[in-house]
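Novice: Have a look at this one.
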Amino acid sequence: MKRIYKIFAAVAAVLVLLVVFVRFSGKSAHAEQSKDSLQPAAVAIVKRNPIIDSLTLSGAFRPYQQVDVHAKVAGYIKHIYVDVGDKVKEGQLLATLEIPELTAQVLGAEATIKRNEDSIHREQSEVQRAESSYSATHFAYTRLKQASDARAGLIAEQELDDAQAKDQEAEAQVASAKAALSEAQNELSISQASRKQLAAMEAYTQITAPFAAVITKRYADTGALIQAGTSSSTQAMPVVQLAEWSRLRLVVPVPESAVPQIHLGSSVQVRVAALNRTFQGRVARFADALDQQTRTMQTEIDVENHDGSLVDGMYAETELVLSQKNNVLTIPVQAVERESSGATVLYVDGDHRIQPREIKLGEESNDLVEVTSGLSGGDEVVIGNRSQYKAGEKVQPKIIQTDSSKAEAGI
């Protein structure tokens with residue numbers, strides 16, 4: 001009997017344990033099933049970040065200076081010392097012209113100078129001779145005059161008059177010789193001025209670089225006839241084209257809305273995809289006028305190119321910072337729904353329930369927007385499609401790392 005009782009007690013205990021296990025398992029499965037049935041929601045955490053309103057623009061590099069080098073005088077190219085791609089210094093000789101007519105004119109001018117110098121020497125001798133003759137005749141007339149004054153009637157009046165006439169004639173000859181000397185000196189000055197002019201023209205046969213640059217085009221070869229670049233009646237062919245390479249201009253079109261935020265001297269980052277490099281640039285100048293068709297303002301950014309890695313025509317992107325705020329509450333722009341009455345977000349409360357909330361916005365960047373009221377740091381807001389959630393609905397939040405969060409975390 002006791003044995004039967006023990007068996008019955010054991011069976012009852014097993015049944016009790018089985019009931020408890022079944023009930024516990026049912027509750028756990030129900031809880032797990034309830035948890036799995038919650039709709040997941042991608043959320044972002046409200047946090048403090050710097051917010052930068054920037055504008056990315058594309059443009060092409062242009063030389064800081066570019067010029068076609070013409071000849072000042074017409075002539076044949078005797079030697080050309082540079083070719084495409086050569087880097088030249090300021091004042092470096094590029095080509096030499098040969099002008100036979102100019103050479104003959106220079107030789108003629110030098111001969112004229114020599115003849116005028118000889119004329120001056122001759123006229124100087126004439127002046128000396130006239131002065132000597134005048135000195136002798138004047139001395140003779142003076143003695144006769146003194147003798148006549150000392151003793152009346154000693155010297156005949158006719159003789160005295162003849163001596164006086166010779167004295168005046170000799171004085172006139174001195175003046176004439178000096179005038180001839182002055183004329184010869186003037187002729188020499190004229191011929192020297194002509195020689196200087198020809199020397200200046202002769203200097204133009206040496207074609208030099210006006211600034212440090214690279215040769216981008218070569219138009220002429222040895223022996224080619226080059227017309228004078230100053231002639232407006234003919235299309236004179238240049239010798240070479242120069243482009244300054246040590247500094248370039250990046251020309252970008254700035255939209256009308258961003259024009260007030262453009263300031264001269266602002267530093268910008270210039271990204272060149274072809275080189276996979278970033279360069280430091282500076283806003284150097286802008287047109288201060290909008291293109292009527294594109295409603296943009298042409299803006300130029302100077303970029304130093306000391307190593308010569310940048311070339312004319314290369315494309316680049318630059319990010320112009322229009323405004324910047326540091327340490328402000330931000331949320332992703334995907335979390336905000338804008339309406340005529342204001343802006344709202346779907347806030348996830350502590351019980352993981354969706355709550356619509358009105359907020360006020362401040363500055364905005366490409367991916368973040370400043371929240372001035374309505375949210376606090378650490379709050380969670382839904383990002384992405386809002387139509388699938390209802391107010392009060394309980395969700396399973398999944399925190400999504402935004403680009404700014406990844407940048408802060410070093411991802």
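Each reported figure results from applying straightforward, stated rules to the coordinates on display, with no laboratory input. Just so we're clear, the structure is a prediction, and the values are computed from it rather than from any experiment. Quick reminder, even Gly has a Cβ in these numbers, built from the backbone with ideal geometry, and neighbours come from all protein chains shown.
Novice: Once phi is turned into θ = phi - 60°, what whole-Hz ³J(HN,Hα) does the Karplus curve with 6.51, -1.76 and 1.60 give for every residue of the range 373-386, x standing for Gly and Pro?
Specialist: 7, x, 9, 10, x, x, 5, 10, 10, 6, 10, x, 6, 8
Novice: Based on DSSP H runs of at least 4 residues, each adding -39500 (n - 2.57), what is the mean residue ellipticity at 222 nm of the chain after dividing by all its residues, to the nearest 500 deg cm²/dmol?
Specialist: -12500 deg cm²/dmol
Novice: Between T56, T330, T137, where does the largest GNM mean-square fluctuation fall for the chain, given springs only between Cα atoms within less than 10 Å?
Specialist: Between T56, T330, T137, it is T137 that shows the largest mean-square fluctuation.
Novice: Who wins for biggest fluctuation among Q197, Q66, Q168 in a Gaussian network model of the chain, springs between alpha carbons below 10 Å?
Specialist: In this elastic network of the chain, the residue with the biggest mean-square fluctuation among Q197, Q66, Q168 is Q168.
Novice: Give K196/K217; K360/K394; K78/K114; K47/K394 a once-over and call out the pairs whose C-alpha atoms are over 28 Å from each other.
Specialist: Details: K196/K217 33 Å; K360/K394 25 Å; K78/K114 30 Å; K47/K394 23 Å.
Violating the 28 Å limit, Cα to Cα: K196/K217; K78/K114.
Novice: Would you list the P(r) distribution for the range 52-101, with all Cα-Cα distances sorted into 10 Å bins from 0 and each bin expressed as a whole %?
Specialist: 16, 36, 20, 12, 9, 5, 1
Novice: If you don't mind, there's one more thing I want to ask. Between Q128 and L160, what FRET efficiency comes out of the Förster formula 1/(1 + (r/R0)^6) with R0 = 25 Å and r the beta carbon distance, rounded to 0.05? List each step's numbers first, then the result.
Specialist: Working: r = 28 Å, r/R0 = 1.13.
FRET efficiency, L160 to Q128: 0.35.
Novice: Related question: Given H placed on each backbone N at 1.01 Å, which residues far from V268 in sequence or on other chains put an amide H within less than 5 Å of it?
Specialist: G281, R282, V283
Novice: Can you give me the long-range amide H partners of A212? Hydrogens built in the peptide plane at 1.01 Å from N, cutoff under 5 Å, separation of 5 or more residues or another chain.
Specialist: E90
Novice: Sticking with this structure for a sec: Taking only Cα atoms, what is the 0 to 90° angle, nearest 10, from helix 157-203's long axis to the longest principal axis of the chain?
Specialist: 30 degrees
Novice: With a cut-off of at most 10 other beta carbons within 10 Å, and DSSP calling the residue loop, which chymotrypsin sites (Phe, Trp or Tyr not before Pro) in the range 47-129 qualify? Please list them. Intermediate results must be reported in sequence, preceding the final value.
Specialist: On the way: sites: F61, Y64, Y76, Y81; in loops: Y64, Y81.
Passing sites in the range 47-129 do not exist.
Novice: Still on this structure, I have one more. Could you list F139, F279 in order of exposure, starting from the residue whose Cβ has the fewest other Cβ atoms within 10 Å?
Specialist: Numbers: F139 11, F279 20.
Sorted ascending by nearby Cβ count, the order is F139, F279.
Novice: Taking the Cβ of R277 as the center, what net charge do the other residues with Cβ under 11 Å away carry, scoring Lys and Arg +1 and Asp and Glu -1? Could the numbers behind the result be given before it?
Specialist: Details: positive: R271; negative: D307.
Neighbour charge sum, excluding R277 itself: 0.
Novice: If you don't mind, another one. Given axes a ≥ b ≥ c from the Cα gyration tensor, I'd like to know whether the chain is rounded (a/c under 1.5), prolate (a/b larger than b/c) or oblate.
Specialist: Working: a/c = 6.22, a/b = 4.10, b/c = 1.52.
Judged from the Cα gyration tensor, the chain comes out prolate (a/c at least 1.5, a/b above b/c).
Novice: Right, here's the next one. Shape verdict for the range 293-383, please, from the Cα gyration tensor: rounded (a/c under 1.5), prolate (a/b greater than b/c) or oblate. Walk me through the numbers before you get to the answer.
Specialist: Values: a/c = 3.47, a/b = 2.57, b/c = 1.35.
Here the range 293-383 falls in the prolate category.
Novice: Quick one: which residues, 5+ away or cross-chain, put their amide H under 5 Å from the amide H of L361? H built at 1.01 Å from N.
Specialist: So L361 has HN proximity to T372.
Novice: Still on this structure, I have one more. Only four residue types carry charge here, +1 at the Cβ of Lys and Arg and -1 at the Cβ of Asp and Glu. Report the dipole size of the chain about the Cα centre in Debye, rounded to the nearest 20. Display every interim value, and only then the final one.
Specialist: Values: 43 positive and 52 negative charges, 815 e Å.
Computed charge dipole of the chain: roughly 3920 debye.
Novice: Lys and Arg at +1, Asp and Glu at -1: add these up for the other residues within a Cβ distance under 15 Å of R249 and post the number. Can you show the working numbers first?
Specialist: Working: positive: R62, R247, R282, R285; negative: E244, E300, D302, E304, D312.
For residues surrounding R249, the net value is -1.
Novice: Measure out, as a whole number of angstrom, how far apart the alpha-carbon centroids of the range 181-258 and the range 59-135 sit.
Specialist: So the two Cα centres are separated by 14 Å.
Novice: While we're looking at this one, here's another question. Residue by residue, what Karplus-based ³J(HN,Hα) values in Hz, rounded to whole numbers, does the range 329-334 have, using 6.51, -1.76 and 1.60 with θ = phi - 60° and x for Gly and Pro?
Specialist: The phi angles translate into 5, 9, 9, x, 5, 5 Hz.
Novice: Quick check: net charge around M297, other residues with Cβ under 12 Å of its Cβ, Lys/Arg +1 and Asp/Glu -1?
Specialist: -2
Novice: Also, quick follow-up: Considering the chain as a Gaussian network with a 10 Å cut-off on Cα pairs, which listed residue, A163, A109, A343, attains the greatest mean-square fluctuation?
Specialist: Among A163, A109, A343, the largest GNM mean-square fluctuation belongs to A163.
Novice: Still on this structure: What list of whole percents do you get for P(r) of the range 101-203, with Cα-Cα distances grouped in 5 Å bins up to the one holding the largest distance?
Specialist: 2, 13, 14, 12, 10, 9, 8, 7, 6, 5, 4, 3, 2, 1, 1
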